[in-house]
Amino acid sequence: MAIEPLKRAPSLYEMTLDSIRAAIIEGSIELGDHLSEARVSRQFGISKTPVREALQELRREGLVRIDPQSGTRVFMPDAREIEEIFEMRDLLETGAAKILFQRDWRQVGARMAEIVEEMGTRVENEDYDRYRQLDSEFHKLIVSGSENRLLIGAYTPLSAKIDAMRNRGLESIGVVRRSLKFHRSLSDLLARGAGGEFCRKLRVHIANSSRDYEAWIASHAAGKSEKTR
């Protein structure tokens with residue numbers, strides 16, 4: 001009988017890292033929030049050491065900023081950083097797409113069609129959390145489909161920030177429905193092998209995502225202003 005290798009249980013550090021990262025991306029922890037090592041360790045019922053290690057890794061990923069004086073805060077990009085993030089996203093995703101059409105784009109297209117079909121189902125069922133996860137999978141598929149290890153390596157640390165911003169920008173149902181329309185169109189273009197049109201459409205979609213996030217920032221700031229009055 002075949003014996004499968006044992007799987008190593010995740011360490012406290014890994015579990016802490018995954019939990020904090022997911023909370024930032026999904027929105028349980030707000031952008032700009034202060035993160036106290038002591039408070040997080042109490043909430044998790046663990047020592048400060050794995051929390052400190054997790055926060056250092058999140059700093060490397062760009063999800064938190066650590067200052068000796070003011071402590072640790074979740075990233076909150078200003079206008080310049082938003083522009084830089086989406087410029088980098090445009091370069092990496094459209095670059096990956098161009099390479100993808102030189103590879104086995106049909107196989108990627110089949111998987112993309114499955115993702116888009118489920119996206120439509122999730123919108124019909126008003127399961128917007130899962131929709132946003134599928135949105136992330138869609139774009140990571142474009143990058144992984146390039147099979148360029150350096151490009152994938154450059155995109156991976158940026159993707160956590162993109163996911164965090166995506167989940168805020170896709171709060172409006174109207175924005176979600178427009179997003180679904182774009183993803184369906186991109187999937188159709190990939191299925192037809194229309195590389196040039198796919199890249200052009202992808203750039204428009206990324207530019208729209210930037211504006212959606214900026215709209216969320218403005219709405220979020222206005223809401224905070226109302227609370228302080």
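The values are calculated or read from the model by the stated rules, or taken from the named source; none is laboratory data. Quantities reported herein were computed from a predicted structural model and do not represent experimental measurements. With ligands, DNA and RNA removed, areas are computed over all heavy atoms of the protein, side chains included. Shrake-Rupley method; radii C 1.70, N 1.55, O 1.52, S 1.80 Å.
Some values worked out for this structure:
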item: Whether the stretch 118-169 is rounded, prolate or oblate, judged on the alpha carbon gyration tensor where a/c under 1.5 counts as rounded; result: oblate
item: Contour excess over end-to-end distance, with Cα ends at GLN43 and GLU147 and 0.36 nm allotted per residue; result: 33.4 nm
item: Average accessible area per residue (Å²) across the stretch 123-229 - probe 1.4 Å, nucleic acids and ligands excluded; result: 51
item: Value of [θ]222 nm, deg cm²/dmol, for the chain, DSSP H segments ≥ 4, -39500 (n - 2.57) each, nearest 500; result: -25500 deg cm²/dmol
item: Space enclosed by the convex hull of the alpha-carbon atoms of the chain, per residue, Å³; result: 179
item: Accessible surface of the chain [probe 1.4 Å, protein heavy atoms]: carbon and sulfur percent; result: 50
item: Relative intensity, log₁₀ I(q)/I(0), of the stretch 87-206 from a Debye sum that treats every alpha carbon as a point, q = 0.09, 0.10, 0.18 Å⁻¹; result: -0.22, -0.27, -0.91
